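This report refers to the structure that appears directly beneath it.
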Amino acid sequence: MDQWQKAADDWVDLARRSSSACEDIRAQGKKPLDDHWADATGKTAGKRLEDLADRLESGGDIMKGVAMVLDALAHSMGFAQRTLSHAIELANEHGLGIQNGRAAGAYTGAAPVGPNVPQNVRDAYTKELGHIAEVNGLIEEALREASQADAKASAELDELAKTINVSDTSQAHNELLVEASHIEFEILRADIPVGKDPHLVRAWWDGLTPQQQKDLMRADPVTLADLNGLPPEVGRELRGPDGKIDRVEMVRYALDHWDKKDDLDFRNNCARSSTSGWGPAGTTPGAGRAAWGSKGSTDGCTTPARGGWPRICTASSCTTAVRKSRERKHALAT
């Protein structure tokens, strides 16, 4: 995990260097050239500098995409590792061992059968089977999380490796970078055990660190709110502890309407979908920033945070919807 995170940080550093070099070429090379060398030779030289700047800008965005995927991979592997560690903790707590990647107990391979088996032995056997099922469920969940992250990240990194010659800045930013952000979010979302037994879901949640729980609540509140098995206080925190605004329904509305037109006229669907979402949330537009504790910024989004987690809009995780739009540059700026 540490190596993947370091790799992501290194790619971010490279992206910043590339962007800085691009800005230097345009400000200190291309602009002075245009201002003072207006003949055909100057224009040819200016075109060369502009092409170079475009390649550096495109490369910077592609490298950001690589960093996003590696960030998600590192975090996903962290979830998987923590889930596996929790399985081992429970195994030790219940006096179980791990054999060939599966939990094993005193009755493994020697199930008590027959009419003469004492009731206390039957009860102990039944109890052990329950503990084994819980531990094995967590082991399988950890392997599932790690496998999906590895497969998705590997496929996307292979695709990004094919784009090293892209010089179209619009393609790099609005297509390649956005697609990488989608994969990043898909990897993180797939760490949530949707459709699993509520008992397993609770064991999975209890095994996460408080920071991991907080990260997931910010990353995908809708999926978590719909998950059976979490403690009731998690749902209350997701939806809003004061009961005035249902933040989950607001985000759900933004996700469902990011690409749909309505009668509100904003300059982008980030603002439109999040503002329209105040109705389903149980209130009116304008109350949002206080509800999320966000001061916001001039483009409707808070300053993006690094670390593999979705950037938080003034409607918090409605940014998930923003990232699905290939025209939302402000949601991807880092």
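Only the coordinates and a few stated rules stand behind these numbers; no lab work does. Note that this is a predicted model, so its numbers are computed, not measured.
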*Please report, in Å, the Rg and the Dmax of region 1-132, where both are computed over Cα atoms only.*
31.2, 104
*Note the full-extension length gain between Arg144 and Asn100 as 0.36 nm times their separation in residues minus their Cα-Cα distance, in nm to one decimal.*
14.1 nm
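If you scale each eigenvalue of the Cα gyration tensor by 5 and take the root, what three semi-axes come out for region 45-195, rounded to whole angstrom and sorted largest first?
On the way: eigenvalues 568, 22, 20 Å².
Output for region 45-195: semi-axes of 53, 11, 10 Å.
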*Which whole-Hz couplings ³J(HN,Hα) result when phi for each residue of region 22-29 is put into the Karplus expression 6.51 cos²θ - 1.76 cosθ + 1.60, θ = phi - 60°, listed in order with x for Gly and Pro?*
4, 4, 5, 4, 6, 7, 9, x
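Take the cross-link list Lys64/Lys244; Lys43/Lys64; Lys6/Lys196; Lys6/Lys214; Lys6/Lys47 and give me the ones stretching past 29 Å between alpha-carbons.
Numbers: Lys64/Lys244 38 Å; Lys43/Lys64 31 Å; Lys6/Lys196 33 Å; Lys6/Lys214 22 Å; Lys6/Lys47 37 Å.
Flagged as over cut-off: Lys64/Lys244; Lys43/Lys64; Lys6/Lys196; Lys6/Lys47.
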